[in-house]
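Enquirer: Below is one structure. I have some questions about it.
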Amino acid sequence: MSSDRDSLAYGSHLLPLAAMWGASYLFIEIAIEELEPATLVEIRLLLASALLAGVLVARMGIGETYRGLKRIWRSALILGLLNAAVPFTLISWGQTRVDSGIAAITVATVPIFVVLLAARFQPTERVRGARLVGILLGLAGVGVLAGVNPVGGLPAVVGIIATTTASFLYAGGTLYTQIRLDKVSPILVAFATSLGGALLLLPWAAVEAPSSAPSWKVIGAVVALAVFGTALAQIIYYRMLPLFGSTRSSLIAYLVPPVALIYGTLILDEPVTLNALLGLGLVLLGIGLGSGMLTRRRGLGAQLG
């Protein structure tokens, strides 16, 4: 009975999170029709910062929120760069050249880059055997997406490079958070990241600001991206970590790309190509092997059997 309740609680967190993060690529695709990438990201971060600040003040009070932010302001700027301003902009820019589903698949390589970076900055981590195979498969999946003759030509390849670079930066931000901010409230880290990213991106966003107000459709997409894809999604994810652990929570990496492909196909009429399906399969298999999830699960099954 308790196992059933745990599974129900797990699914009630995981599935909405996959739906929201998968939809983020859809909202970006709509918003970049009228907004430049930096402007879109700036509005997204400012709105998310305001929402997360409200949550923090409600939980901790104004004084404690201010003191907490003051203690980590340097880290906030670093994370704002690695986890928000640059990767958000690269993804938005990349989606001007590739479909939303393709962007989601490349960004799903974050766990693979985490393993690679951990091997360099945490010497106790060794990448070999199945994990090394997984890394190579995941990177091969990105290569399949680009293809020899990719749909969209050279601009599509450049777009894939941009979104994959965003994935690499996310991985760096993840390791930095684990090393420097593991004792800090996750919601405070999320708020600091959004605010730091907004401050760093502000000059660029001001230069790219539109001369006229965007349509209501674009405004709605940006608001949905900030509320659901950024603030609310982060709150749910950081709630999952203490409840279910990092391994089970990280399974979200398996769900976001297919959800994004479904959104893109049904709502944006984006084609699902053979390269996209093959690339998705390789990336997901690479995540499973490279992160150790599949090998751990197989070992657990052997012990239980």
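Read-outs throughout are calculated quantities, based only on the coordinates presented, and are distinct from any laboratory measurement. Here the structure is a predicted model, which means the values were calculated and not measured. Counting neighbours? That spans all protein chains shown, and the Cβs are built from the backbone with ideal geometry, glycine included.
Enquirer: Given the Cα-Cα distance of Arg120 and Ser211 and 0.36 nm per residue of separation, how much length would full extension add, in nm?
Expert: Working it through step by step, the gained length comes to 28.2 nm.
Enquirer: Show me 65-75, 218-228 ranked by packing, highest mean number of other Cβ atoms within 10 Å first.
Expert: Output ranking for 65-75, 218-228: 218-228, 65-75.
Enquirer: Let me ask something else about it. How do 45-57, 93-105 rank on mean C-beta neighbours within 10 Å, highest first?
Expert: Result, highest mean first: 93-105, 45-57.
Enquirer: Then there is this: Among rounded, prolate and oblate, which fits segment 1-126 when a ≥ b ≥ c are the square roots of the eigenvalues of its C-alpha gyration tensor, a/c under 1.5 means rounded, and a/b larger than b/c means prolate?
Expert: Verdict is rounded for segment 1-126.
Enquirer: Can you tell me the length gained on complete extension of the stretch Leu8 to Glu33, counting 0.36 nm per residue apart and subtracting the Cα distance?
Expert: Here the segment from Leu8 to Glu33 would lengthen by 5.1 nm.
Enquirer: Kindly provide the trypsin sites (Lys or Arg not before Pro) of segment 167-259 that DSSP labels as loop, not H, G, I, E or B, and whose Cβ sees at most 11 other Cβ atoms within 10 Å. Don't skip to the end; give the middle numbers.
Expert: On the way: sites: Arg180, Lys183, Lys217, Arg239, Arg248; in loops: Lys183.
Taking segment 167-259 and a limit of 11 other Cβ atoms within 10 Å, the loop trypsin sites (Lys or Arg not before Pro) found are Lys183.
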